[in-house]
Amino acid sequence: MNPVIAAHNLKVVRGGKLILRVDELAVEKGQVLAVVGPNGAGKTCLLHTLALLEPPASGTVRLFDVDAFNGNQLALRRRMALVFQEPLLLDTTVKRNITLPLRMRGISGREANARSDRWLHRFGIGSLSARSARALSGGEAQRTSLARAFAMEPEILLLDEPFTALDYPTRKSLVDELGEVLKEMNLTTVFVTHDYSEIPPLTEQVAVLFDGRIVKRGSSREIFGEDFLKKKSYAPWET
Amino acid sequence: MEVIWQGMVEAGRLLATLDADVIHITLRTLQVSVTATLISILIGIPAGTALALTNFWGRNFVVSVVNFGMGLPPVVVGLITWLLLARYGPLGALSLLYTPTAIVIAQAIIASPIVAGFSLAALQSVNPKLRLQILSLGANRFQYFLLLLWEARLGILAAIIAGFGGVISEVGASMMVGGNIRGYTRVLTTATVLEVSKGKFELATALSVILLVLSFFVTASLSYLQQRGRRA
């Protein structure tokens, strides 16, 4: 079966500078791929390109076996969800933050409400449904952002360091919850992170991005070694 | 103080007795200023949005022109509009000079850059990452603009308030292109100037009080909308 996400000879240029040059990247259906790398390695750029928010200077992105950036960005974006480092909620209630994107994607009001209730409850914030998004704590806002992404029932989920701004207990509980949900849904996911301890609950598959290139790809044990969890400061691009 | 007090009493009397002249002037003022503000919204918000969201060669120059336009002297706008609408001017065939429409045109020219400039600033203050998030949520172009305007709505309403404030208070352009014709193009500001020139300070004060009250109610309504948006 062809991969759900496939990039080939991808080059992204910003301000005349080559930011990303990925020769090959493939993510199979249901696979969760963690992308790690230092600041400025091009992780966010890669995610934005896969989310069809930033066109490449050259190369191809194929999603669901279809060449992207052929004027089909909107249709393809509506089959994906992207969670940023910041929650980036709209200035309205928590519930409308979930239902608005669903309505934009042509889902009925009744179904949107049902999905909103289900996912807010799933992430433990059902009681905050009527609250203004501005009044949420950092953890609540990021839960809302995740609930919004899952309520869209995407076929591809892209996560850009979604837990970075959170304190350790909140981060840990959210990573665990996310791991459970990803397993349940068998969702094709690309997950960018700085914190390697977030990887084991989510996936075994890791790609290392350095200076815009994927320099390593394999299981977390292959990349980090057997005892990588103990080495919190381990930097896999320094080999 | 005596003149101001007598002016306030006179304003009350004129309104209480529904003085035909004053009611007409007040309604004309409201009609031209609200129409001009609506036109400036139709021009200014799309222009501000386009400038905020696009990049093209010469964009900075266009932004400078818009910002410069925010402080256009009404009397200069009046003169230009007069030259355009004068019988021998390029739009002379329309016979619009010394009509309420001429005042609306001049006021819309004054207010449009104000609305565009404030809208541009409001939209540029929206987190650029939120723009990407909105696109990634699956918004089409129309939904994208609508959501961005929603996010910038406090600033957009400030733009409308500033635009209305700019036109309700101007006198030079209305005088030049309207001609201050009694019962036709006389508005509160031009009527006030006329009464002062005639030495009728109480009536001028009364007209000013009515202008202030009118301006306050329109601005307060817009502010109410704006602040309700803040709590949403």
Return a yes/no flag: does segment A:165-179 have any residue that is within 14 Å of chain B (Cβ to nearest Cβ), surrounded by fewer than 23 Cβ atoms within 10 Å (Cβ to Cβ), touching a His at 6+ places or on another chain (Cβ under 8 Å) and over 27 Å from A:GLU111 (Cα atoms). no
Pairs under 7 Å by beta carbon, first residue part of a strand (DSSP E or B) in segment A:115-133, partner surrounded by 18 or more Cβ atoms within 10 Å (Cβ to Cβ), six or more apart or different chains? A:SER132/A:THR93
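So that you can scan it fast, the table gives a plain yes or no per residue for (1) on the phi > 0 side of the Ramachandran plot; (2) buried (at least 16 other Cβ atoms within 10 Å of the Cβ):
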{"position": "A:ILE5", "(1), (2)": "no, yes"}
{"position": "A:GLN31", "(1), (2)": "no, yes"}
{"position": "A:GLY40", "(1), (2)": "yes, no"}
{"position": "A:GLY59", "(1), (2)": "yes, yes"}
{"position": "A:LEU76", "(1), (2)": "no, yes"}
{"position": "A:ALA81", "(1), (2)": "no, yes"}
Yes or no: A:GLY16 more than 15 Å from A:LEU158 (Cα to Cα), at pLDDT below 95 and within 14 Å of chain B (Cβ to nearest Cβ)? no
Is there a residue being away from chain A (no Cβ under 14 Å), buried (at least 17 other Cβ atoms within 10 Å of the Cβ) and under 19 Å from B:ALA52 (Cα atoms) anywhere in segment B:174-184? no
Restricting attention to segment A:173-187, report how many residues are modelled with pLDDT under 85 and over 21 Å from A:MET80 (Cβ atoms). 1
Limited to segment A:152-173, what total is found for residues that are in a helix (DSSP H, G or I) and closer than 14 Å to A:GLY138 by Cβ? 5
Quick check on segment A:35-58. Is at least one of its residues farther than 27 Å from A:GLY138 by Cα, more than 10 Å from chain B (Cβ to nearest Cβ) and part of a strand (DSSP E or B)? yes
Scan segment B:50-66 and report the pairs whose first residue is surrounded by 10 or more Cβ atoms within 10 Å (Cβ to Cβ) and whose second residue is part of a helix (DSSP H, G or I) and of a type in the set (S, T, N, Q), with Cβ atoms within less than 7 Å and a gap of 6+ or a chain change. B:ALA52/B:GLN124
Within segment B:110-132, is there a residue that is surrounded by 15 or more Cβ atoms within 10 Å (Cβ to Cβ), within 14 Å of chain A (Cβ to nearest Cβ), at positive phi and not basic (Lys, Arg)? no
Within segment A:117-139, is even one residue surrounded by 21 or more Cβ atoms within 10 Å (Cβ to Cβ), within 22 Å of A:LEU182 (Cβ to Cβ) and within 14 Å of chain B (Cβ to nearest Cβ)? no
Where in segment B:150-232 are there helices (runs of 4 or more DSSP H), lying fully within it, with 2 or more residues that are within 20 Å of B:THR99 (Cα to Cα)? B:153-168, B:172-178, B:188-197
Condition set in a loop (DSSP other than H, G, I, E, B) and over 13 Å from A:MET104 (Cβ atoms), scope segment A:80-91, selection nearest to the other protein chains (Cβ to nearest Cβ): answer is A:LEU88
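The values are calculated or read from the model by the stated rules, or taken from the named source; none is laboratory data. Given the structure is predicted, the values throughout are model-derived calculations rather than measurements. Reconstructed Cβ throughout: ideal geometry from the backbone, glycine too, with neighbour counts over all protein chains shown.
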